[in-house]
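The values are calculated or read from the model by the stated rules, or taken from the named source; none is laboratory data. Nothing here was measured: the structure is a model prediction, and the numbers come from that model. All Cβ positions, glycine included, derive from the backbone under ideal geometry; neighbour counts span all protein chains shown. Only protein heavy atoms, including side chains, enter the accessible area calculation; ligands, DNA and RNA are left aside. Shrake-Rupley method; radii C 1.70, N 1.55, O 1.52, S 1.80 Å.
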Amino acid sequence: MSFTPVLRSEALKVLSLRSLCGTLLALFAVTTAFSALAGVSETSDPGFDPLFMALSGVAPGQIAAIAFGATVVSSEFHGNGIRLSLAAVPRRGRWFAAKLTVAAAATFGTGLLTASAALVAARAGLGSEAAGLTAGEQVRGVVGLAVYFTLMALLAAGLTALFRSGVATLSTLIPFALVVSFVIGDVAGGATDFLPDKAGQVVIHQTHDGHLGPWTGLGVTALWAGAALLAGARRLRRGDA
């Protein structure tokens with residue numbers, strides 16, 4: 001089977017599963033809502049970053065992105081559905097690539113819409129506080145946030161293929177993204193700049209003081225996602241269905 005019909009079948013799976021569509025809706029809702037709330041909060045902090053404040057819904061939004069990436073793959077392991085998928089597409093690498101392509105496209109498209117809505121909602125609350133943001137910075141923030149969500153979803157998809165369990169992936173990534181960076185930050189110093197969440201979120205800051213810039217930070221997150229995908233693909237090729 002060629003790649004195109006495999007891609008279509010995987011797209012149909014995503015569109016027909018309520019849990020996946022609901023997760024994308026949650027990504028939009030929580031990111032926009034938390035950004036809007038941040039826009040009307042107190043901004044007297046001398047370290048106030050208007051771009052990050054406007055897109056601060058990234059914290060709950062990344063949880064939804066991780067859940068989406070994990071569910072896209074873990075749904076195949078429920079009821080031995082993966083056996084049917086691999087019977088239809090014996091070339092496992094082609095099947096996995098099609099699934100990842102659909103997951104990436106769905107997350108990036110939702111991410112663009114989400115980041116745009118979050119920025120508009122937060123700017124309405126920030127008012128003159130956001131006047132210093134340039135058009136280039138806002139475009140960088142919107143596109144960068146969409147790319148970040150996509151990379152986190154792919155990271156989760158790769159780990160789920162490796163662990164063969166969505167629960168294991170969520171139990172690993174969510175505490176890692178929400179807790180580890182803050183807990184070890186003071187101890188590890190600049191080393192936390194190279195964690196996938198810390199590195200990727202540099203792109204939604206107006207200014208940055210660490211080792212990485214906006215796009216190099218996303219590059220580091222991409223390396224984490226790529227490593228997870230390679231490990232997951234290797235497990236998928238060599239493991240039993």
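Observations, loosely collected:
- Some residue of the stretch 119-126 being surrounded by fewer than 20 Cβ atoms within 10 Å (Cβ to Cβ), out of contact with any helix residue (DSSP H, G or I) (no Cβ under 7 Å at 6 or more places or on another chain), closer than 23 Å to Ala29 by Cβ and hydrophobic (A, V, I, L, M, F, W, C): yes
- Of everything in the stretch 167-201 that is small (Gly, Ala, Ser) and modelled with pLDDT of 90 or more, the residue that is nearest to Phe149 (Cα to Cα) is Gly200.
- Leu37 vs. criteria in a helix (DSSP H, G or I), open to solvent by 30 Å² or more (accessible area, probe 1.4 Å) and in contact with a Cys (Cβ under 9 Å, 6 or more places away or on another chain): no
- For beta carbons closer than 7 Å, sequence separation of 6+ or different chains, a first residue in the stretch 132-144 that is at pLDDT below 90 and a second that is not aliphatic (A, V, I, L, M), the qualifying pairs are Gly132/Pro50; Leu133/Pro50; Leu133/Gln206.
- Residue within the stretch 82-98 that is farther than 19 Å from Gly158 by Cβ, assigned to a helix (DSSP H, G or I) and open to solvent by less than 30 Å² (accessible area, probe 1.4 Å) present: no
- Filtered residue count, the stretch 102-136, keeping only those that are farther than 15 Å from Glu76 by Cβ, β-branched (Val, Ile, Thr) and in contact with a Leu (Cβ under 8 Å, 6 or more places away or on another chain): 3
- Restricting the stretch 127-150 to residues that are open to solvent by 30 Å² or more (accessible area, probe 1.4 Å) and outside any helix (DSSP H, G or I), the residue that is farthest from His208 (Cα to Cα): Ala131
- The stretch 106-131, residues that are of a type in the set (A, V, I, L, M, F, W, C) and touching a residue at least 60 places away in the same chain (Cβ under 8 Å): Ala106, Leu113, Ala115, Ala117, Ala118, Leu119, Ala121, Ala122, Ala124, Leu126, Ala130
- Of the candidates Thr114, Thr101, the single residue that is among the polar types (S, T, N, Q), within 13 Å of Leu24 (Cα to Cα) and out of contact with any strand residue (DSSP E or B) (no Cβ under 6 Å at 6 or more places or on another chain) is Thr114.
- Of all residues in the stretch 35-52, those satisfying the criterion of being at pLDDT below 90 and touching an Asp or Glu at 6+ places or on another chain (Cβ under 9 Å) are Gly39, Thr43, Phe48, Pro50.
- Considering only residues in the stretch 57-79 that are open to solvent by 20 Å² or more (accessible area, probe 1.4 Å) and in contact (Cβ under 8 Å) with a residue 24 or more places away in the chain, the one that is farthest from the chain's Cα centre (by Cα) turns out to be Phe77.
- Some residue of the stretch 216-231 being over 26 Å from Arg164 (Cα atoms), open to solvent by 40 Å² or more (accessible area, probe 1.4 Å) and either out of contact with any Leu (no Cβ under 8 Å at 6 or more places or on another chain) or free of Cβ contacts under 8 Å to residues at least 24 places away in the same chain (or both): yes
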